[in-house]
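In what follows, a single structure is set out as structure tokens and then discussed.
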Amino acid sequence: MSIDLNEFVRHLTANHSRNKELDPYLRVAICALVAAGRSVRSLATLFGVSRHAIHHAVELWESHGTFESRPRSGRPQAPTRREKRHLARRVTRSRHLTTKALIRARSKRKGQTSNAQNASERSEGALAAAEALNSGVSQTQPAIN
């Protein structure tokens, strides 16, 4: 069985547009071809991306062992109405929850990684604390019933 590399790459890059981040499956293919001995310049031409993009894909794998994008620094997304309702329900049901426990539960629910969780804890602490205070829940100590 023979696979035409050009046809394969054309199929992989069909939905990729210029100046957009590479998808993880493209990074996998790039790293596999680099490991097989293809040059960075030939891969850049083949995939239609810059040499820097090829280097970045390989560096991401070598330094972090993943093909997924790293979390961005910057302000995390604000909680949605649904998340606020969920948080309020949890607080009213379990008055012994601390702010950190609420933030951890929200991060797990969203499936965030530990780096994103740390960023969330810094910025969302105020929201969780405000809602906890409005509900009469202690930020550090469980409530005594």
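Values quoted throughout were computed directly from the atomic coordinates according to the rules given, and no laboratory measurement underlies them. Please read these numbers as outputs of a predicted model, since none were measured by experiment. Note that each Cβ is placed from the backbone with ideal geometry, even for glycine, and that neighbours are counted across all protein chains shown.
Based on this model, can you work out whether Thr66 counts as hydroxyl-bearing (Ser, Thr, Tyr) and in contact with a Pro (Cβ under 8 Å, 6 or more places away or on another chain)?
On the way: hydroxyl-bearing (Ser, Thr, Tyr): yes; in contact with a Pro (Cβ under 8 Å, 6 or more places away or on another chain): no.
Spelling it out, it is not the case that Thr66 is hydroxyl-bearing (Ser, Thr, Tyr) and in contact with a Pro (Cβ under 8 Å, 6 or more places away or on another chain).
Only one of Glu68, Glu59, Glu83 is among the acidic types (Asp, Glu) and within 16 Å of the chain's Cα centre (by Cα); which? Talk me through it step by step, then tell me what you get.
Working: Glu59 fails: within 16 Å of the chain's Cα centre (by Cα); Glu83 fails: within 16 Å of the chain's Cα centre (by Cα).
Result: Glu68 is the single residue among Glu68, Glu59, Glu83 that is among the acidic types (Asp, Glu) and within 16 Å of the chain's Cα centre (by Cα).
Residues of the stretch 76-94 being of a type outside the set (Ser, Thr, Tyr) and in a helix (DSSP H, G or I), which ones? It would help to see each step written out before you state the result.
Of the residues in the stretch 76-94, the ones of a type outside the set (Ser, Thr, Tyr) are 76-79, 81-91, 93.
Hits for the stretch 76-94 are Arg81, Arg82, Glu83, Lys84, Arg85, His86, Leu87, Ala88, Arg89, Arg90, Val91, Arg93.
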